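Trainee: Sharing a structure with you now.
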Amino acid sequence: MKLKIVIFLTNVLNYIFLPFAKLRKKKGTVLHISYMVHIPYYTVKILRENGIKADYLAIDEPGKWKADYNFKQSYGHLSAKERLREFIFFWKVVSRYDILHSHFMMTLSTYGWEMKFFKLLGGKWVVHGRGCAERERELNMQLHPTMNICQSCDYNARICKDPVNVFRRKLSKEKADHYFVTTPDMKDFVPMAEHMPFFFPPISLPEVPEKKDGIFRILHVTNHPGIEGTQYIKEAIDNLIKKGYKIDFVHLKDMDNDTVLEYYKTAHLSIGKMKMGYYANAQIESLYFGVPAITYIRKEFVTPEIQNSGLILSDLANLEETIKYYIDHPAALKIKTDLAQPSVLKLHNNKNLALRYKQVYDQLLAKN
């Protein structure tokens, strides 16, 4: 009963606050909202460096990736106190921004009650699909029955079938003013979305040291072996080791991003995203450190720029032969190594991508 009363009263106050809140708007500002992870943090950092008025709201406790605001979500445990806390934070912070940029479809409250009032304030909602929350397992299995990342799912379909994420998929498709996805394969689930590539790491361009220890080191970075096809990657490498190849296979899991980046300095190759249909952040980081990355990209997404990059395109059926070829042909590996950094700086140029964000934001604001 107490919760119902608080919801009723706050809804009444929401309408009362609308005309006054419009006067408190911070013009031309964007609030990014996400779980506390390094990619949204870096996104805001890069956008600020390129003149965009962006802030970061982390739905988590304060951590290494510092946010402008932190808000602990009441996920599944709404009470009168929690609803009041959401209400206060929305009007104190979120309502003041012109654009809300939601990574992983994230909203301030679990079910996004505040988005109605954010939109009534003239606010624009950008949704940024970044993973399994936005995918639909049955559709993926239907479209790509031979191979897809939903097979051997590490989450047992818990994320895509979570009632909150199912609700947010529906809400974001109906209410978002613009939709980004990090990889083009995600347009299977959000056809109207724009593919917005990842940034490369906003750190000084590292030197590429020569590897001289006689061991061919292959790096595989994932917390989700089932989604990545780790079992098959390891089988391919084990087969080569049995044939006499000296390979050091390094699988990094549950490791801080800064530590992961250090490992690239000793690797000859990296392998990842062998089931999804497109490459992602780990492959970009690999190229940035001058390490060619073996990955799988669906044919319709392959461009001349990708073919002439540090990416090495293969699939699980041909992975063993691909690895063997680049061990047996160091000159071919050197060509890909030399292409790695310059190609990622073109494919994922931070300044150019920031300009694309700005163009979308400006177009949305012009509609007010």
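The values are calculated or read from the model by the stated rules, or taken from the named source; none is laboratory data. Remember, it's a predicted structure, so these values are computed and weren't measured experimentally. Using ideal geometry, Cβ is built from the backbone for each residue, glycine included, and neighbour counts are taken over all protein chains shown. Surface areas here come from the heavy atoms of the whole protein model, side chains and all, with no ligands, DNA or RNA. Shrake-Rupley method; radii C 1.70, N 1.55, O 1.52, S 1.80 Å.
Trainee: Using alpha carbon centroids, what distance separates the stretch 300-339 and the stretch 255-271, in Å?
Mentor: 19
Trainee: State which entries of K66/K175; K92/K351; K66/K211; K72/K92 exceed 26 angstrom in Cα-Cα distance in the structure shown. Spell out each step's value before the answer.
Mentor: Working: K66/K175 29 Å; K92/K351 32 Å; K66/K211 35 Å; K72/K92 15 Å.
Flagged as over cut-off: K66/K175; K92/K351; K66/K211.
Trainee: Build a GNM of the chain with springs between Cα atoms under 10 Å: which of V12, V250, V44 gets the top mean-square fluctuation?
Mentor: Maximum among the listed residues: V12.
Trainee: Scale the Cα Rg of the stretch 219-368 by the rule-of-thumb value 2.2 N^0.38 Å and send over the ratio, two decimals. Walk me through the numbers before you get to the answer.
Mentor: Working: Rg = 16.9 Å, N = 150, 2.2 N^0.38 = 14.8 Å.
Ratio of Cα Rg to 2.2 N^0.38 Å: 1.15.
Trainee: Continuing with this model, one more query. Treating only the Cβ of Lys, Arg, Asp and Glu as charged (+1, +1, -1, -1), what charge dipole size does the stretch 278-364 show about its Cα centre? Round to the nearest 20 debye.
Mentor: I would put it at about 320 debye.
Trainee: Still on this structure, please answer the following. Among T182, T230, T259, which one shows the biggest mean-square fluctuation in a GNM of the chain, springs joining Cα atoms closer than 10 Å?
Mentor: T259
Trainee: Please tell me which of these pairs span more than 29 angstrom C-alpha to C-alpha: K124/K170; K26/K253; K212/K324?
Mentor: Working: K124/K170 17 Å; K26/K253 41 Å; K212/K324 19 Å.
Pairs exceeding the cut-off: K26/K253.
Trainee: So which trypsin sites (Lys or Arg not before Pro) in the stretch 234-288 are both in a DSSP loop and have at most 16 other Cβ atoms within 10 Å of their Cβ? The partial results should precede the final answer.
Mentor: Details: sites: K234, K242, K243, K246, K253, K265, K273, K275; in loops: K243, K246, K253, K273, K275.
Loop-located and lightly packed - K243, K246, K253.
Trainee: Straight-line reach from K246: which aspartates and glutamates have a Cα under 16 Å away, not including same-chain ones fewer than 8 places off?
Mentor: The reachable aspartates and glutamates, counting only those whose Cα sits under 16 Å from K246, are D213, E235, D238, E320, E321, D328.
Trainee: Same structure, new question: Jot down the radius of gyration and Dmax of the stretch 59-125, Cα atoms only, both in angstrom.
Mentor: So, for the stretch 59-125, Rg and Dmax equal 11.9, 35 Å respectively.
Trainee: Taking Cα atoms, how many degrees apart are the long axis of helix 2-21 and the longest axis of the chain, rounded to 10 and kept between 0 and 90?
Mentor: 90
Trainee: Taking just the C-alpha trace of the stretch 267-347, give me its Rg and Dmax in Å.
Mentor: Using the Cα atoms of the stretch 267-347, the pair Rg, Dmax is 11.4, 30 Å.
Trainee: Could you state the principal axis extents of the C-alpha atoms in the stretch 183-301, from the largest down, to the nearest angstrom?
Mentor: 49, 35, 27
Trainee: For the chain, what is the accessible area per residue in Å² when the probe is 1.4 Å? Present the calculation step by step, with values, prior to reporting the outcome.
Mentor: Working: 17250 Å² over 368 residues.
About 47 Å² of surface per residue is accessible.
Trainee: R0 = 45 Å: FRET efficiency of K367 with H329, Cβ-based, nearest 0.05?
Mentor: Working: r = 54 Å, r/R0 = 1.20.
Efficiency, from the Cβ-Cβ distance: 0.25.
Trainee: Treating only the Cβ of Lys, Arg, Asp and Glu as charged (+1, +1, -1, -1), what charge dipole size does the chain show about its Cα centre? Round to the nearest 20 debye. Show your work: numbers first, answer last.
Mentor: Working: 53 positive and 39 negative charges, 342 e Å.
Around 1640 debye, computed over the chain.
Trainee: Still on this structure, I have one more. Between the stretch 171-248 and the stretch 63-86, how far is it from one alpha carbon centroid to the other, in angstrom?
Mentor: Using only Cα atoms to place each centre, the spacing works out to 31 Å.
Trainee: Hey, another quick one. So for the stretch 86-176, Kirkwood radius off the Cα pairs, Stokes-Einstein at 4 °C and 1.567 mPa s: how many µm² s⁻¹?
Mentor: Values: Rh = 14.4 Å.
My calculation gives 90 µm²/s for D.
Trainee: What Kirkwood radius, in Å to one decimal, follows from the Cα pairs of the chain?
Mentor: It is 22.2 Å.
Trainee: In addition: Using the Cβ atoms and a cut-off under 13 Å, what net charge is assigned to the surroundings of I297, where Lys and Arg are +1 and Asp and Glu are -1? Could you put the intermediate results ahead of the total?
Mentor: Numbers: positive: K273, K275, R298, K299; negative: D185, E300, E305, D315.
My count for the surroundings of I297 gives 0.
Trainee: Treating cross-link reach as a plain straight distance, find the lysines whose alpha-carbon is under 21 Å from the alpha-carbon of K2, omitting any fewer than eight places away in the same chain.
Mentor: By straight Cα distance, K2 reaches K81.
Trainee: Also, I was wondering about something else. Spelling out what I want: for every residue of the stretch 324-339, take phi, set θ = phi - 60°, compute 6.51 cos²θ - 1.76 cosθ + 1.60 (Karplus), and round to whole Hz; glycine and proline get x.
Mentor: Ordered by residue, 3J(HN,Hα) equals 4, 4, 6, 6, 6, 10, x, 5, 5, 5, 5, 4, 5, 5, 5, 7 Hz.
Trainee: Expected output is a single nm value to one decimal: the length gained when fully extending between T303 and Y155, i.e. 0.36 nm times separation in residues minus the C-alpha distance. What is it? Display every interim value, and only then the final one.
Mentor: Numbers: separation 148, 0.36 × 148 = 53.28 nm, distance 3.20 nm.
The span from T303 to Y155 would gain 50.1 nm if fully extended.
Trainee: For the stretch 21-136, state the average projected area of the convex hull of the C-alpha atoms over all orientations, rounded to one decimal in nm².
Mentor: Working: hull surface 30.1 nm².
That works out to 7.5 nm².
Trainee: Here's a follow-up. Within the stretch 185-263, list the GluC sites (Glu not before Pro) lying in a DSSP loop whose Cβ has at most 10 other Cβ atoms in a 10 Å radius.
Mentor: Listed in order of number, the matching sites are E207, E210.
Trainee: When the C-alpha atoms of the stretch 1-74 are aligned to their principal axes, what extent does each axis show, in angstrom, from largest down?
Mentor: Largest first, the stretch 1-74 extends 44, 29, 12 Å along its Cα principal axes.
Trainee: Which percent of Cα pairs goes in each bin when the distances of the stretch 60-211 are cut into 10 angstrom slices starting at zero?
Mentor: With a bin width of 10 Å, the distribution comes to 10, 32, 34, 18, 6, 1, 0.
Trainee: Now, a different point. GNM on the chain, C-alpha springs below 10 Å: top fluctuator among M196, M141, M106?
Mentor: M141
Trainee: In whole percent, and with a 1.4 Å probe on the protein chains, what portion of the accessible area of the chain is carbon and sulfur? Could the numbers behind the result be given before it?
Mentor: Working: 9810 of 17250 Å².
That fraction is 57 percent.
Trainee: Between I227, V37, P330, whose Cα lies farthest towards the positive end of the dipole of the chain when Lys and Arg beta carbons carry +1 and Asp and Glu beta carbons carry -1, centred on the Cα centre?
Mentor: Towards the positive end, the residue furthest out is V37.
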